[in-house]
Amino acid sequence: MGGLSPTMMATKAAGCGGGANGGGASGNCCDMSVRCWCRWHCKDHQHGGHHRLLSSGFLFFLGCFVLLGSIGMLYAWLAFTPTFRTTLAGSRPSSSLLGCQEDNEGSWSVGVFYGDSPFSLKPIEAMNVWKDGSAAWPVANPVLTCASVSDAGFPSNFVADPFLYIKGDTLYLFYETKNSITLQGDIGVAKSTDKGASWQQVGIALDEDWHLSYPYVFNYLGQIYMMPESSEKGELRLYRALNFPLQWTLEKVIMKKPLVDSFIIDYNGKHWLFGSDHSGFGASKNGQLEIWYSNSPFGPWKPHKKNPVYNADKSLGARNGGRPFVYNGSLYRIGQDCGETYGRRVRIFNVEVLTVDEFKEVEVPFGLTEPNKGRNSWNGRRYHQLDVQRLSSGEWVGVMDGDRVPSGDPFWRFILGCASVAVVAVLVILLGVLLGAVKCIIPLNWCVHNLGKRSYAFLAWERSNLLSSKLRRFCSRLNRAPSFLRGRIRPNTCVGRLVIAIIVVIGIALMCTGVKYIYGGNGAEEAYLWKGHYSQFTLLTMTYDARIWNLKMYVKHYSRCSSVREIVVVWNKGVPPKLSDLDSAVPVRIRIEKENSLNNRFKMDPLIKTRAVLELDDDIMMTCDDIERGFKVWRQHPDRIVGFYPRLIDGSPLKYRGEKYARRRKGYNMILTGAAFIDSQVAFERYWGEAAKRGRELVDKYFNCEDVLLNFLYANASSSRTVEYVRPAWAIDTSKLSGAAISRNTKVHYQYRSNCLLKFSEMYGSLAGRKLEFDMRKDGWDT
């Protein structure tokens, strides 16, 4: 027995007495006193019993955890499709084979802005720049992303810190690109010959053995220079272009300081260097700014008398955020507000005094409207770098980076996800305790005091060690908790069942939350790039006063979708709501109609600024990701009706049937325009053409079939394919919740539509010969 003395044996026997198994009244070692807590291993039959208890408790824990995990994965499968399925499959779109990996620094991209002045800049989508080749009507920001750079053969996690250099009618854009392989910042360059609407990747302009960013490019005495940030090297380096824009040589190390985000400007007869040094003792990170001056960009540089001119709160805009500019004779500096997160926004300062002894600047309004779509907007969370310059035409053009997530977002999501899963583990243990499946919270063979024979010296050390004593006492009390809980909460009572149900529900919710944080990505439902461009569409719905509840929910949800530019509400009957009653992230326009007609849905509207229009009933709710996928498919086929609800029209006589019929027959030839993308210019002209007059009269007669008519008009105008189906992850009919459904009687509704089919077939020809097979690969999942 390890050489224990008779006195010690007697002490242990006295301490463990009282039950058949030496475990006290409860009959198990989990209820032992502190004195015998470490005697769990002393009897073979007890030791084997503990393993049986551990096995049953462990199996219960494992089974419950696997069950909850399966529920979490099912939730992810439904909620994050197709992102989650792509993640599980280990495949990515072509643009992300190497690039566009999630990065703790962010998911930065670059947009283009225009204005009559630096203080009236508007994004490119507001200027109605159209590109036919990519069906970008209009082109929308961002114009430069990790995907566009990676597709050009330069794997990138993000692009940021944009600077322009203008040569004639060509814009050159220098930017930081974080290499997806080396995880190091390099300087990339792209060029544009259409004022920034489209960009051609030229290549990597500068690649050193250390991190590079903030590629400040400027002209001096006919030479082009670049001064990127090289704070990791501990130097401020000036490069000169040998063969612009890709070949550069080191001209001079102008300062042996790890300055970040520095620029040089020629102002009032001197060259001024602004930069931040965060390496010094007492320096406020992102809140420090120094000024230096010289007679040339090459130095020598002398420090400003009041250096550091800023060393305060990081939200005040001390750190530079782009190229300074002169407007109406005044010098303006761009700074970063890093208060909430790094690079939260840019702030503009009017430099009122700049001498070798004095410096004074005051903040002025920027005038840029911040997006309010949250993570669904490419710059919804932060924007921290702006370069604005005047073109020869007098117009101002600016490039600015933006990010949809705060700094460190992947790390904090992972931490929150792990914390949620850990709480689920605790709840499973608690559930096992209440059900009697878990006897000991701390398994006996985990105890450091239960690992076999120990010497007298080790036993003496245990008695004298305070930490070990406290640990034994804590574990002993913790292992008495199951008996205490089972005595207070009995699972066969109503209260016990309620407690167990609450634990299960909370466990499921936390497991889903954990899976969402770990596998669900950054939560953004992003737009899809097509041929190097993003674009926007107008959302149009038709409703009346009995469905205001649907409309409010509809506007709040869809206005946050990334590519939605405007929501047009066709108001057919009753008193319309006030715009202030609608919570919208985009402009909402209510178009009040004189007559209550379904033909109003396709009425010509010159105020619509996009070619793409999504006709979407106000009682249909689906994810923004489904909408964005549908929009991409429509941009690939703008001559078609692209939608989410297929129908198959066949048989003799023709009969209108639901989607299940099309599924059974494995084909479709019609797309309902209650949820479909159309070309507003083409569709509206066809619908209001003379050939459609008789069809419109039939729509008014039945107060039905306007979507059926548009399908016939498309088919009548072309012998090629005219419809395209996109499968949504899920869709909910909210009219069933509000009781305001337009077609309450399905049988009558279908009969009207069958009558329309017969009439329209006589007018415009049959659709029966245009059957298309469902193709899962082309139903929007291959994006």
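Looking only at the range 202-239, which residues are of a type outside the set (Phe, Trp, Tyr), farther than 15 Å from Gly275 by Cα and open to solvent by 30 Å² or more (accessible area, probe 1.4 Å)? Those that are of a type outside the set (Phe, Trp, Tyr), farther than 15 Å from Gly275 by Cα and open to solvent by 30 Å² or more (accessible area, probe 1.4 Å): Val202, Ile204, Asp207, Glu208, Asp209, His211, Asn219, Leu221, Gly222, Gln223, Lys233. When the residues of the range 486-508 are filtered to those that are surrounded by 14 or more Cβ atoms within 10 Å (Cβ to Cβ) and of a type in the set (A, V, I, L, M), the one that is modelled with the lowest pLDDT is Ile489.
Among the residues of the range 273-282, those identified as of a type outside the set (D, E, K, R) and open to solvent by less than 30 Å² (accessible area, probe 1.4 Å) are Leu273, Phe274, Gly275, Ser276. If the condition is being outside any loop (DSSP other than H, G, I, E, B) and open to solvent by less than 20 Å² (accessible area, probe 1.4 Å), then the range 559-581 contributes Val564, Ile567, Val568, Val569, Val570, Trp571.
The residues of the range 404-429 that are surrounded by 20 or more Cβ atoms within 10 Å (Cβ to Cβ) and hydroxyl-bearing (Ser, Thr, Tyr) amount to a single one, Ser420. Within the range 66-82, the residues that satisfy the criterion of being modelled with pLDDT under 85 and open to solvent by 70 Å² or more (accessible area, probe 1.4 Å) are Trp77, Leu78.
Scanning the range 513-532 for residues that are outside any loop (DSSP other than H, G, I, E, B) and open to solvent by 20 Å² or more (accessible area, probe 1.4 Å) yields Thr513, Lys516, Tyr517, Ile518, Tyr519, Trp530.
The residues on offer are Asn219, Asn243, and the sole one that is polar (S, T, N, Q) and over 25 Å from Tyr114 (Cα atoms) is Asn243.
Taking (1) surrounded by 18 or more Cβ atoms within 10 Å (Cβ to Cβ); (2) of a type in the set (Gly, Ala, Ser); (3) within 24 Å of Cys624 (Cα to Cα) in turn, Ala731 satisfies each apart from (1).
The listed residues are Tyr661, Tyr714, and the only one of them that is hydroxyl-bearing (Ser, Thr, Tyr), assigned to a helix (DSSP H, G or I) and open to solvent by 20 Å² or more (accessible area, probe 1.4 Å) turns out to be Tyr661.
Of the numbered criteria (1) charged (D, E, K, R); (2) within 23 Å of Val399 (Cα to Cα); (3) open to solvent by 30 Å² or more (accessible area, probe 1.4 Å), the one Lys252 fails is (2).
Restricting the range 751-776 to residues that are assigned to a helix (DSSP H, G or I) and of a type in the set (Lys, Arg) leaves a set whose member that is most open to solvent (accessible area, probe 1.4 Å) is Lys759. Checking each residue in the range 404-421 for being at pLDDT 95 or above and acidic (Asp, Glu) picks out no residue at all. If you scan the range 139-154, which residues turn out to be assigned to a loop (DSSP other than H, G, I, E, B) and surrounded by fewer than 22 Cβ atoms within 10 Å (Cβ to Cβ)? Across the range 139-154, the qualifying residues are Ala152, Gly153, Phe154. Of the set (1) touching a residue at least 40 places away in the same chain (Cβ under 8 Å); (2) more than 30 Å from Asn350 (Cβ to Cβ); (3) open to solvent by 30 Å² or more (accessible area, probe 1.4 Å), all apply to Gly367 but (2).
Yes/no matrix, rows are residues, columns are (1) in the same structural domain as Phe263 (by the TED database); (2) out of contact with any helix residue (DSSP H, G or I) (no Cβ under 9 Å at 6 or more places or on another chain); (3) at negative phi:
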| site | (1), (2), (3) |
| --- | --- |
| Ser120 | yes, yes, yes |
| Trp130 | yes, yes, yes |
| Ala147 | yes, no, yes |
| Tyr172 | yes, yes, yes |
| Thr177 | yes, no, yes |
| Gly196 | yes, no, no |
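Does Tyr239 qualify as being within 21 Å of Gln184 (Cα to Cα) and part of a strand (DSSP E or B)? Taking the combined requirement at face value, the residue satisfies it. Of the listed requirements (1) in contact (Cβ under 8 Å) with a residue 24 or more places away in the chain; (2) in contact with a Pro (Cβ under 6 Å, 6 or more places away or on another chain), Cys624 misses just one: (2). Among the residues making up the range 582-631, those that are part of a strand (DSSP E or B) and either surrounded by fewer than 23 Cβ atoms within 10 Å (Cβ to Cβ) or of a type in the set (Lys, Arg) (or both) are Val588, Arg589, Ile590, Arg591, Ile592, Ile620, Met621, Met622.
Can you pull out the residues in the range 634-655 that are part of a loop (DSSP other than H, G, I, E, B) and open to solvent by 10 Å² or more (accessible area, probe 1.4 Å)? Within the range 634-655, His637, Pro638, Asp639, Arg640, Tyr645, Asp650, Gly651, Ser652, Pro653, Leu654, Lys655 qualify.
The values are calculated or read from the model by the stated rules, or taken from the named source; none is laboratory data. Note that the structure is predicted; figures quoted are calculated from it, not measured. For neighbour counting, all protein chains shown are included, and Cβ atoms are generated from backbone atoms with ideal geometry for every residue, glycine included. With ligands, DNA and RNA removed, areas are computed over all heavy atoms of the protein, side chains included. Shrake-Rupley method; radii C 1.70, N 1.55, O 1.52, S 1.80 Å.
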